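Asks: Here it is, the structure, as structure tokens.
The values are calculated or read from the model by the stated rules, or taken from the named source; none is laboratory data. Worth saying up front: this structure is predicted, and the values here are computed from it rather than measured. We place every Cβ from the backbone using ideal geometry, glycine too, and count neighbours over all the protein chains shown. Each accessible area value is taken on the protein alone, full model and side chains, heavy atoms only, with ligands, DNA and RNA left out. Shrake-Rupley method; radii C 1.70, N 1.55, O 1.52, S 1.80 Å.
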Amino acid sequence: MPKKLPFQIKARSGLGLKLTPKTAPMRIIPKKEPFPEVQPVQGIMPDSKEEYWVALALYRLKLDFEFQYQLFGGRKYKGGQLVDFWVLTVPLPTPIFVQGWYFHYATAAKAAQSRLNIMYLKSRLMGKANEPVEIFDIEIPTPEDAYIVTKRKLKR
């Protein structure tokens, strides 16, 4: 008795045999869990969901950090900066910037300003902190990706 095939063989068309499935192909749709609701981090509401996800990653890595850490006077003084996360790594702290592509690198002027801020921070903190780490929003589309990227960039 011939084995039943899951497809039908149609007549030759000159280009070879055409196979058509007897039933419609099944689509496997992954079950999506909702993303966690953005909540305040250390009493401060994050500016983006990506900042919140990086905070969750730092909590999961059991690292102490300060959120929205002000350096050189913060936004109050010229030359001051606001670091998204000041992670208390050993032996030196590590500043982390969560950069939105649209707000920090969409145009040449924004990109130049972002790079200048990072270079300025590096020069001011030379020997007092590790190299600043940039985490882009396009790198972390999910909270799990935020954990993986944060862990990798902090070399944990």
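Asks: Please tell me the relative contact order of the stretch 54-156 in percent, rounded to the nearest whole number, where contacts are Cα pairs under 8 Å and at least six residues apart.
Replies: Relative contact order here is 27 percent.
Asks: Another question about this same structure. In the stretch 71-142, how does Rg compare with the Kirkwood Rh, expressed as the Rg/Rh ratio over alpha carbon atoms?
Replies: Ratio of gyration radius to Kirkwood radius for the stretch 71-142: 0.98.
Asks: Could you give the accessible area per residue of the stretch 91-156, probe 1.4 Å, as a whole number in Å²?
Replies: For the stretch 91-156, the solvent-accessible area averages 60 Å² per residue.
Asks: Follow-up question, since we're still on this one. Ignoring ligands, DNA and RNA, what percent of the accessible area of the stretch 22-150 is carbon or sulfur (1.4 Å)?
Replies: 58 percent
Asks: Only loop residues by DSSP count here, and only those with at most 16 other Cβ atoms within 10 Å; note down the trypsin sites (Lys or Arg not before Pro) in the stretch 25-85 that meet that.
Replies: Those satisfying the criteria are Arg27, Lys31, Lys32, Lys62, Lys78.
Asks: Also, I was wondering about something else. Residue by residue, what Karplus-based ³J(HN,Hα) values in Hz, rounded to whole numbers, does the stretch 94-108 have, using 6.51, -1.76 and 1.60 with θ = phi - 60° and x for Gly and Pro?
Replies: With coefficients 6.51, -1.76 and 1.60, one gets 10, x, 10, 10, 9, 9, x, 4, 5, 7, 10, 9, 5, 10, 5 Hz.
Asks: Share of Cα-Cα pairs in the stretch 69-111 beyond 17 Å, in percent?
Replies: Tail of the P(r) past 17 Å holds 50 percent of the pairs.
Asks: In the stretch 69-113, which chymotrypsin sites (Phe, Trp or Tyr not before Pro) fall in coil by DSSP and have 15 or fewer other Cβ atoms within 10 Å?
Replies: Phe72, Tyr77
Asks: Pull out a ≥ b ≥ c, the square roots of the eigenvalues of the alpha-carbon gyration tensor of the stretch 34-73, then state rounded if a/c is under 1.5, prolate if not and a/b is larger than b/c, and oblate in the remaining case.
Replies: oblate
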